[in-house]
Amino acid sequence: MYLFKRIMLVVALLAVAGLIGYALYYFFTKTGQIGEPTIPPSTSTLPGGQLPTSGTKPPSATGTTQGPGGELLPVSGIIQPSSPSYYKPAATTQIISETANHASLSVGGDFRYYNANDGKFYRVTPSGEIKPLSDQLFYSAEKVTWAKGKNQAVIEYPDNSKIVYNFDTNKQVTLPKHWEDFSFSSDGNQIAAKSLGLDPSNRWLVTINSDGTGTKLIEPMGDNSDKVIVNWSPNQQVAAFSQTGAPQGGERREVLFVGLNGENFKSAIVDGSGFMPQWSTTGKKLLYSVYSSRSDFKPELWIVDSQGDSIGNNRKLLQLNTWADKCTFGNDDTAYCAVPKNLPTGAGMSRSIAQYNYDDLYKIDLKTGLKTPISLDSDYNIKSISYDANHNKVIFTDLNKTGVFESQL
């Protein structure tokens, strides 16, 4: 009898526990009660119908991810809009309706471009007025490298001839045909380039004054000229990057910073191929894109310190699949990037397969890695993009549309 009573007591306690559990479940999951809002199911869809791309954490996620070398890399997610104001698209205006190639924003705020239809270069003033930079005709200009600090450019033609043209003085200088990959110093007074002789022993990184004087041999390249990227830093200390560092194993690369006077700068490690760099406004940081098997061979953005003893520090994966040349800096801590909505696997190795892909636009906080979507009023495939700090707007060209557009932020 005593055993029977103990069994019944246990059964009763289990029954009571079950009833309490059910009551709690019913209370916390029942929806539609008076005074209690119905909670919608969660979704990973971002504003505008965008879905997180491969390798992107859910919105508002922050933390770390494991890098190819086993290290923990800081990452941050996408900021969800907190008010309906986000859904009002940024005002986008077509400021130029004609053909606009080789576009660039000058330090003074003029937007410069080349019209292939009439062979002339033009500028758009901050007030919106379009003026020719010169009456000189430049038919069939194939490639143009602008100086940011001056109205001058290196202009290349299909017959491999190259000139430096100063639009303020209407003077030009002819450059050797075997020079390639030009980059102006930040003040516009000098140009860095690759001098590619037939013999590998005669292949050099060189500099020259923009008036054609003072040619200087900087570093021999030998058989590694294809591993050198000419890109003059804003502080004018670094003239190029060289992917000829010590082997790192796997898909990792050591990128060397090449100075003008044989400086022994620190190097940076990148996790992938297709290294494409872009300096921040002062050169303190470097935004770059690479692709690897980890990213399904899609380009992905990284940020790293890039000046003095800090070179290579604070490396951060930004969790966006795009190329560095689809970004522009607002300042050292802010970038604006056009990100393809749906990049196919292998786009990093063959960019042409993504040429008809529309873009989303993001503002990136480079300190935290957080991304804020910027809604545009139409679909764009952004080809080149610049940021106008004086008027807080982005100016861009479209791969499939004629003209130039601006969006007030």
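The values are calculated or read from the model by the stated rules, or taken from the named source; none is laboratory data. Predicted, not measured: the structure shown is a model, and the values here were computed from it. Positions of Cβ are generated from backbone atoms using ideal geometry, with glycine treated the same way; all protein chains shown enter the neighbour counts.
Being under 25 Å from GLY346 (Cβ atoms), more than 15 Å from the chain's Cα centre (by Cα) and among the acidic types (Asp, Glu) is the filter here, so list the residues in the stretch 275-330 that pass it. Correct list: ASP296 only. Looking only at residues that are over 20 Å from ASN342 (Cβ atoms) and not polar (S, T, N, Q) in the stretch 395-409, which one is farthest from the chain's Cα centre (by Cα)? Among them, the one singled out is GLY403. Scan the stretch 331-358 for residues that are in contact with a Gly (Cβ under 8 Å, 6 or more places away or on another chain) and assigned to a helix (DSSP H, G or I) and jot them down. Listed by number, the list holds a single entry, ILE353. Would you check if there is a residue in the stretch 309-326 being more than 23 Å from HIS391 (Cβ to Cβ) and out of contact with any strand residue (DSSP E or B) (no Cβ under 7 Å at 6 or more places or on another chain)? Checking the stretch 309-326: at least one residue is more than 23 Å from HIS391 (Cβ to Cβ) and out of contact with any strand residue (DSSP E or B) (no Cβ under 7 Å at 6 or more places or on another chain). Candidates LYS363, LYS326: the one that is surrounded by 21 or more Cβ atoms within 10 Å (Cβ to Cβ) and either within 25 Å of VAL107 (Cα to Cα) or at pLDDT 95 or above (or both) is LYS326. Could you list, in sequence order, the residues of the stretch 302-330 that are under 19 Å from LYS341 (Cα atoms) and either in a loop (DSSP other than H, G, I, E, B) or touching a residue at least 60 places away in the same chain (Cβ under 8 Å) (or both)? LEU317, LEU318, GLN319, LEU320, ASN321, THR322, TRP323, THR328, listed by residue number. Out of GLN172, GLN94, GLN136, GLN152, one residue alone is over 30 Å from SER378 (Cβ atoms), not assigned by TED's automatic domain parsing to the domain that holds GLY259 and not β-branched (Val, Ile, Thr). It is GLN136. Residues of the stretch 125-136 that are surrounded by 13 or more Cβ atoms within 10 Å (Cβ to Cβ) and in contact with a strand residue (DSSP E or B) (Cβ under 7 Å, 6 or more places away or on another chain): ILE130, PRO132, LEU133, SER134.
Every residue in the stretch 170-228 that is of a type in the set (D, E, K, R), assigned to a loop (DSSP other than H, G, I, E, B) and touching a strand residue (DSSP E or B) at 6+ places or on another chain (Cβ under 8 Å), please.
The answer is LYS177, ASP211.
Inspect all residues belonging to the stretch 387-394 and state whether any of them is over 12 Å from the mean Cα position of the chain (by Cα), of a type in the set (Lys, Arg) and closer than 22 Å to ASP271 by Cβ. Looking through the stretch 387-394, none of the residues is over 12 Å from the mean Cα position of the chain (by Cα), of a type in the set (Lys, Arg) and closer than 22 Å to ASP271 by Cβ. The set of residues in the stretch 137-159 being surrounded by fewer than 19 Cβ atoms within 10 Å (Cβ to Cβ) and out of contact with any Gly (no Cβ under 9 Å at 6 or more places or on another chain) consists of GLU142, LYS143, TYR157, PRO158, ASP159. All of (1) in contact with a Lys or Arg (Cβ under 8 Å, 6 or more places away or on another chain); (2) surrounded by 14 or more Cβ atoms within 10 Å (Cβ to Cβ); (3) more than 21 Å from LEU287 (Cβ to Cβ) hold for LYS401 with one exception: (1).
Counting only strands (runs of 3 or more DSSP E) that sit completely within the stretch 98-165, those holding 2 or more residues that are under 28 Å from the mean Cα position of the chain (by Cα) correspond to 101-105, 111-115, 120-124, 143-146, 152-156. From the list VAL230, VAL255, the one residue that fits, being among the aliphatic types (A, V, I, L, M), under 26 Å from VAL173 (Cα atoms) and surrounded by 20 or more Cβ atoms within 10 Å (Cβ to Cβ), is VAL230. The test for being touching a residue at least 12 places away in the same chain (Cβ under 8 Å) and not aromatic (Phe, Trp, Tyr) holds for ILE364. Scanning the stretch 324-333 turns up no residue that is out of contact with any Ser or Thr (no Cβ under 9 Å at 6 or more places or on another chain) and not assigned by TED's automatic domain parsing to the domain that holds GLN236.
Across the stretch 359-378, the number of residues qualifying as in a strand (DSSP E or B), farther than 13 Å from GLN319 by Cβ and not charged (D, E, K, R) comes to 5.
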